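What follows is a set of notes on a single structure, which appears directly below.
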Amino acid sequence: MTKPHYIDTNEQLSEFCNTIKNEPWLAIDTEFQREKTYRSILALIQIATADIVAIIDPIACDIKPLLDILYSQNILKVFHAARQDQEIFYDLRGKPLAPVFDTQIAAPILGHPEQAGYARLVDDILGVQLSKAHSRTDWLRRPLSEEQITYAADDVIYLAKLYPLLENQLKEKDRLNWLAPAFADLCKPSLYSNPPELAWKRIRAAKRLKGGALSALQKLAEWREDLAQQKDIPRGWIIKDDILIEVAKLKPTNLHTLSSIRGISDKFTDKFGRAIIDIIANAIDKKPASTAAQQKPKKVTEKQEALADLLMAQVRLKAAAANVNATSLTNRKELLQLIHGQRDLELLSDWRNEMVGQDLLATLEGDNNFSVTSGELVISPST
């Protein structure tokens, strides 16, 4: 692979676009900042093929010609942990890139750790230890040093080496199709749209509220999200989650009561107080939106916990035999749902069902025998 090309003129970018426009796949990463804004500010785009690597400066260049190429359906876009990068492209053009391949999602299907970081995967598969020296770089500052450019380039240089290896192994094991649903999900605009009316779902403590308090929180979170999007500022700069929860719980009916809540400043009350009071007044008598997540989890008995242990052991055996990370198959929460009779589960769909789902159902129906031979658990069909 050639030395990284730093592209900061439209002429250089045009030449690069002509070079890559017919490539079957591109390894892509981005650098961005989001400390002071709602949306990420794009600072760099790194792109590599099997032969070349480029660092594109979107501050200095008009990247429209590049985006036209990246949005081509004929080019596979390869990422590691694609979601944040895809969110940036969604913000740029109202839709994420497609089609995609995500090495972080693919790796566990081949026995690597779940949610493995890029550096971990590069070390495990390629035997290369990446520098962490510039992980806190301000990527918007110019000029960038040679060391910073090299650091940024490494994020795609080794990604371009990982992808062919992972793809070949997946094809050899006939598992590439297993990943299609997950990769398709990464290309859905709804994953990145952040509608204000659903903003309350990201507040962890929301599940502790009921009735009027929950209705108030839902409308307050919607108001905050809409304002943050309009002003392009972090939602926490308007009002933090814990204070929003307190406001929703106390449901103040006047500015004096609102201003007495800890964390509410006079400046906030003067600026937003009347809007807050009106939102609460309109919300408290309305039925809150509900979700499945609000439903109380079913009580789990000791015997069911023991049965979940048995099923998890079965999952681990299947995973080890197939050289798949067990967490790619299922988790304890899903096994308990299976025990409670739920059947609309990922475990019972696609390749997971074929590999282990049906065997787990057989165990629950009493159709499997368990024994220990030479210190190892053995599972066999009942006769």
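Between the listed residues SER40, ALA308, TRP25, the Cα displaced farthest toward the positive end of the dipole of the chain, a dipole computed from Cβ unit charges relative to the Cα centre, is found at ALA308. Each residue, LYS303 and GLU376, gets one label point 7 Å from its Cα in the Cβ direction; the gap between the two is 3.2 nm. The mean of 1/r over all pairs of different alpha-carbon atoms in segment 196-292, once inverted, gives a Kirkwood hydrodynamic radius of 13.2 Å.
Three principal axis extents of segment 110-249 based on alpha-carbon atoms, in descending order, are 55, 45, 24 Å. Report the residue, chosen from ALA248, ALA48, ALA133, that carries the largest GNM mean-square fluctuation when the chain is represented by alpha-carbon nodes joined by springs under 10 Å. Largest GNM mean-square fluctuation: ALA133. Applying a DSSP loop filter and a limit of 11 other Cβ atoms within 10 Å to the GluC sites (Glu not before Pro) in segment 340-383 leaves GLU365. Over 19 Å apart at the Cα level, from the set LYS207/LYS249; LYS77/LYS132; LYS188/LYS231; LYS21/LYS77, are LYS77/LYS132; LYS188/LYS231. A convex hull fitted to the Cα coordinates of segment 302-381 yields 93 cubic angstrom per residue.
Can you give the FRET efficiency to the nearest 0.05 for GLN73 and LEU361, using r as the Cβ-Cβ distance and R₀ = 30 Å? It comes to 0.20. Packing around the peptides 93-100, 35-42, 323-330, taken as the average count of other Cβ atoms within 10 Å per residue, puts them in this order, highest first: 323-330, 93-100, 35-42. Once the chain from ASP285 to ARG142 is taken as fully extended at 0.36 nm per residue, the excess over their C-alpha distance is 46.1 nm.
With 18 Å as the limit on Cα-Cα distance, the pairs of LYS173/LYS333; LYS299/LYS333; LYS219/LYS267; LYS298/LYS333 that go past it are LYS173/LYS333; LYS219/LYS267.
Is it possible to state the helix-based mean residue ellipticity at 222 nm for the chain, with each DSSP H run of 4+ residues giving -39500 (n - 2.57), the sum divided by total residues, to the nearest 500 deg cm²/dmol? What is it? My calculation for the chain gives -13000 deg cm²/dmol from helical runs alone.
Approximating the spin labels as points 7 Å out from Cα along Cα→Cβ, the ASP62-to-ALA133 distance works out to 3.7 nm. By how many nm would the segment from LYS36 to ILE261 lengthen if fully extended, with 0.36 nm per residue of separation less the alpha-carbon distance? Here the answer is 78.4 nm. Among ILE105, ILE203, ILE75, the residue with the largest mean-square fluctuation in a Gaussian network model of the chain, with springs joining Cα atoms closer than 10 Å, is ILE203.
What is the Å³ per residue value for the convex hull set by the Cα atoms of the chain?
Per residue, the Cα convex hull of the chain comes to 188 Å³.
Full extension of the chain between LYS171 and LYS210 yields a length gain of 9.1 nm, computed as 0.36 nm times the residue separation minus the alpha carbon distance.
Net charge near VAL300, counting Lys/Arg +1 and Asp/Glu -1 over other residues with Cβ under 11 Å of its Cβ? Working shown, then result.
On the way: positive: LYS298, LYS299, LYS303, ARG332, LYS333; negative: GLU302, GLU305.
Once positives and negatives cancel, what remains is +3.
Values quoted throughout were computed directly from the atomic coordinates according to the rules given, and no laboratory measurement underlies them. Bear in mind that the values here come from a model prediction, so they are computed numbers and not experimental data. Cβ coordinates were reconstructed from backbone atoms using ideal geometry, including for glycine residues, and neighbour counts include every protein chain displayed.
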